[in-house]
Structures are given as C-alpha cells and as structure tokens.
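**Q** Dropping a structure here in structure tokens format, bear with me for questions.
The values are calculated or read from the model by the stated rules, or taken from the named source; none is laboratory data. Source: prediction; values computed, not measured. Glycine also receives a Cβ, built like all others from the backbone with ideal geometry; neighbour counts cover every protein chain displayed.
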Amino acid sequence: MRTIIISIFFLLTLTQTFGQTKEPILKISALTDNFYIYTTYNTYEGNKIPANGMYVVTNEGVILFDTPWDTTQFQPLLDSIKLKHNKDVKICIATHWHSDRTEGLEYYKKQGIKTYTTKQTDELSKKNNKKRAEYLIEKDTVFNIGQYTFETYYPGQGHSEDNIVIWFDNEKILYGGCLIKGAEAENLGFLGDGNVLEYETTLKNVHKKYPTPKYIVVSHHDWKNINSLNHSIKMAKKLKRKNYRLQGFGKMGAEVLN
Ligand SMILES: [Zn+2]
C-alpha cells in the first residue's frame, strides 16, 4: 500500500513538473481560409511582448507579412510553413522599420525570398542600422500573387514615420501592423519614433479608405475584436489633445509602451 501511495505521489509530482503547458515560442493560428497569424515573443523593458505577423498560402507559394521578432524563429517559421502546407515562402513585405517587423529580412533574402519594404522604410532602416530589404516599393502598390490580390497603403505618420498597412479587398482583410492597437489596449504603445499629433488623422485615413474590414490584424494584441481601429482612433484623439495642451507643436515621443 505504502509503495502505491508513494508511486501516486511521485506520479503527481512528475505531472506537475512536466505537465505544465510551456508557453510556445512560435504560435501559428488560422485567421480564415489560407490566412494565418504567426506570433513570436521578445522582452521589452522586462515584459514579454507578443508580436504578430501574417502569412497567406497561395497557389504560387506563401506571402509573408513582416518577420519574426524573435531571431531564433526565422527558420522555424519557414519549417513550420513547409510542414503544414508543403509550400515555400516566396515573398516577404515588412510594414515599417522597427525590429519586430524587419529583423528577419536579411536572413530571408539569403534563403532566396524576395524581401520588400517601402523606400521610406529603407531609408529609416539604413539610418537606424536595421535589417534592409532587397526590393523597394516607391509608392502604394498592388501585388497579384497566385489567386490573391492585395495593396500596400501609406496613410501618413503614426506609430512610426513610415508605417504602411496591407489590404486584401476580396477578403476584406486589413493588416494594420503596429499602427493599429487591439480593442483592449490601454494606450498606443511605444511612440518614441511616432507622431502624436498626426496619429489620429493617419488612422482616420485608414478608416476612410477601408471602411468595412472583416478582419483587422494588429501586431501586439488579440486580433479577434474588430473594434481595434475605432478604439485606436479614440486613443489617438486623446493623445493629440493632451499633446496640444502640453506643447502645441511638433513631434514628441514620450508615451509609455504598454
Ligand atoms: Zn511593433
């Protein structure tokens, strides 16, 4: 009897030690047919922050939007995509110059993936010593890849000077990157490179251009609540008022990262 009790106790201890769900370092979730969100994590000022990107499986290969933030996950992401869909990533577009979007650009270029940013992003990447893409987009551009069509849109300064969004018109998918924050977000996040006075107008430009998205994908929060854009506009409005009161001019940077 004693042995049994000890065994059970031992088993329970084992389950407690090894049965804990370890948080994944690379997470892939389905958004809708052929559209997937991938998430990697990094530590910023002591907090573990998730960063979402997106990929789309087409009959001409996979389109990747942004790169993993976690530098150990560049190849695991490619491997996971290959394993899951038996397809290679053909093209990768980063939506602004910060590391959580661009860190994997040079690695992916070496793997034969066509990497893109806007010319404006490239200039900022160069200036800030970030990884750069091989191909540059001069202005808002429509891409046709396999059965999918999407466009890039530069709505103005907000989270950064160069942030763009991606729009899939047939599927009504808006990929907002770091410009749009989640519906539950408490603030607009890191604004050290942003434009606190223009942010509201920039978001309103996105809303005007794409008034009826079915999905809005955001970088650092849950993407399931479609109210993210409206909520971000409200926060940007408050931010603008506050900064007008404080300074009344120009660019300034000091909101805390959430
Ligand atoms: Zn970001």
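**Q** Restricting attention to region 29-81, which residues are away from the ligand (no atom under 13 Å from the Cβ), among the β-branched types (Val, Ile, Thr) and touching a Gly at 6+ places or on another chain (Cβ under 9 Å)?
**A** Ile37, Val56, Val57, Thr58, Ile63, Thr71, listed by residue number.
**Q** Count, please, the residues in region 18-72 that happen to be over 26 Å from Ile145 (Cβ atoms) and of a type in the set (S, T, N, Q).
**A** Summing the residues that are over 26 Å from Ile145 (Cβ atoms) and of a type in the set (S, T, N, Q) in region 18-72 gives 7.
**Q** Is at least one residue of region 181-201 under 19 Å from Lys119 (Cβ atoms), touching a Pro at 6+ places or on another chain (Cβ under 9 Å) and within 13 Å of the ligand (Cβ to nearest atom)? Full working, then the answer.
**A** The initial filter retains those residues of region 181-201 that are under 19 Å from Lys119 (Cβ atoms), namely 193, 195.
Next, only the ones that are touching a Pro at 6+ places or on another chain (Cβ under 9 Å) stay: none.
Scanning region 181-201, I find no residue that is under 19 Å from Lys119 (Cβ atoms), touching a Pro at 6+ places or on another chain (Cβ under 9 Å) and within 13 Å of the ligand (Cβ to nearest atom), so the answer is no.
**Q** All but one of (1) surrounded by fewer than 18 Cβ atoms within 10 Å (Cβ to Cβ); (2) at pLDDT 95 or above hold for Thr39, so report the exception by its number.
**A** All conditions are met except number (1).
**Q** With the structure loaded, tell me whether Val256 is on the phi < 0 side of the Ramachandran plot, within 16 Å of the ligand (Cβ to nearest atom) and modelled with pLDDT under 95 or whether it fails that test.
**A** When the stated conditions are applied, Val256 passes them.
**Q** Say we look at region 207-228 and pick out the residues that are away from the ligand (no atom under 16 Å from the Cβ) and under 18 Å from Pro155 (Cα atoms); which of these is surrounded by the fewest Cβ atoms within 10 Å (Cβ to Cβ)? Steps first, answer last, please.
**A** Pass one, region 207-228, residues away from the ligand (no atom under 16 Å from the Cβ): 207-215, 224-227.
Narrowing further to those that are under 18 Å from Pro155 (Cα atoms): 207-213.
Numbers: His207: 17, Lys208: 9, Lys209: 14, Tyr210: 21, Pro211: 8, Thr212: 6, Pro213: 20.
Selected residue: Thr212.
**Q** Is there a residue in region 113-125 that is within 23 Å of Ser29 (Cβ to Cβ), touching a residue at least 24 places away in the same chain (Cβ under 8 Å) and away from the ligand (no atom under 16 Å from the Cβ)? Lay out the reasoning, then the answer.
**A** The first filter runs over region 113-125 and keeps only residues within 23 Å of Ser29 (Cβ to Cβ), leaving 113.
Add one more test, that the residue is touching a residue at least 24 places away in the same chain (Cβ under 8 Å), and what stays is 113.
Retained after the next criterion (residues that are away from the ligand (no atom under 16 Å from the Cβ)): 113.
There is at least one residue in region 113-125 that is within 23 Å of Ser29 (Cβ to Cβ), touching a residue at least 24 places away in the same chain (Cβ under 8 Å) and away from the ligand (no atom under 16 Å from the Cβ).
**Q** Another one. Would you confirm whether or not region 10-25 contains a residue that is at pLDDT 95 or above and either among the aromatic types (Phe, Trp, Tyr) or in a strand (DSSP E or B) (or both)?
**A** Checked region 10-25: no residue is at pLDDT 95 or above and either among the aromatic types (Phe, Trp, Tyr) or in a strand (DSSP E or B) (or both).
**Q** Just wondering, is there one or more residues in region 89-109 that are outside any loop (DSSP other than H, G, I, E, B), within 16 Å of the ligand (Cβ to nearest atom), surrounded by 14 or more Cβ atoms within 10 Å (Cβ to Cβ) and hydroxyl-bearing (Ser, Thr, Tyr)?
**A** Within region 89-109 (the criterion being outside any loop (DSSP other than H, G, I, E, B), within 16 Å of the ligand (Cβ to nearest atom), surrounded by 14 or more Cβ atoms within 10 Å (Cβ to Cβ) and hydroxyl-bearing (Ser, Thr, Tyr)), the answer is yes, since at least one residue qualifies.
**Q** Just to be sure, is Asp122 outside any helix (DSSP H, G or I), of a type outside the set (Val, Ile, Thr) and farther than 20 Å from Ile37 by Cβ? Break it down into steps so the answer makes sense when it comes.
**A** Details: outside any helix (DSSP H, G or I): no; of a type outside the set (Val, Ile, Thr): yes; farther than 20 Å from Ile37 by Cβ: yes.
Criteria not met by Asp122.
**Q** Residues of region 204-221 being closer than 22 Å to Trp97 by Cα and under 16 Å from the mean Cα position of the chain (by Cα), which ones?
**A** Once the filter is applied, which keeps residues that are closer than 22 Å to Trp97 by Cα and under 16 Å from the mean Cα position of the chain (by Cα), region 204-221 yields Ile216, Val217, Val218, Ser219, His220, His221.
**Q** Looking only at region 157-170, decide whether some residue is away from the ligand (no atom under 16 Å from the Cβ) and either among the β-branched types (Val, Ile, Thr) or within 20 Å of Pro68 (Cβ to Cβ) (or both). Break it down into steps so the answer makes sense when it comes.
**A** From region 157-170, those away from the ligand (no atom under 16 Å from the Cβ) are 167-170; that's our starting set.
Still in the running and either among the β-branched types (Val, Ile, Thr) or within 20 Å of Pro68 (Cβ to Cβ) (or both): none.
Checking region 157-170: not a single residue is away from the ligand (no atom under 16 Å from the Cβ) and either among the β-branched types (Val, Ile, Thr) or within 20 Å of Pro68 (Cβ to Cβ) (or both).
**Q** Here is a follow-up. Mind checking whether some residue in region 147-168 is among the aliphatic types (A, V, I, L, M), touching a helix residue (DSSP H, G or I) at 6+ places or on another chain (Cβ under 7 Å) and surrounded by fewer than 22 Cβ atoms within 10 Å (Cβ to Cβ)?
**A** So far as region 147-168 goes, no, none of its residues is among the aliphatic types (A, V, I, L, M), touching a helix residue (DSSP H, G or I) at 6+ places or on another chain (Cβ under 7 Å) and surrounded by fewer than 22 Cβ atoms within 10 Å (Cβ to Cβ).
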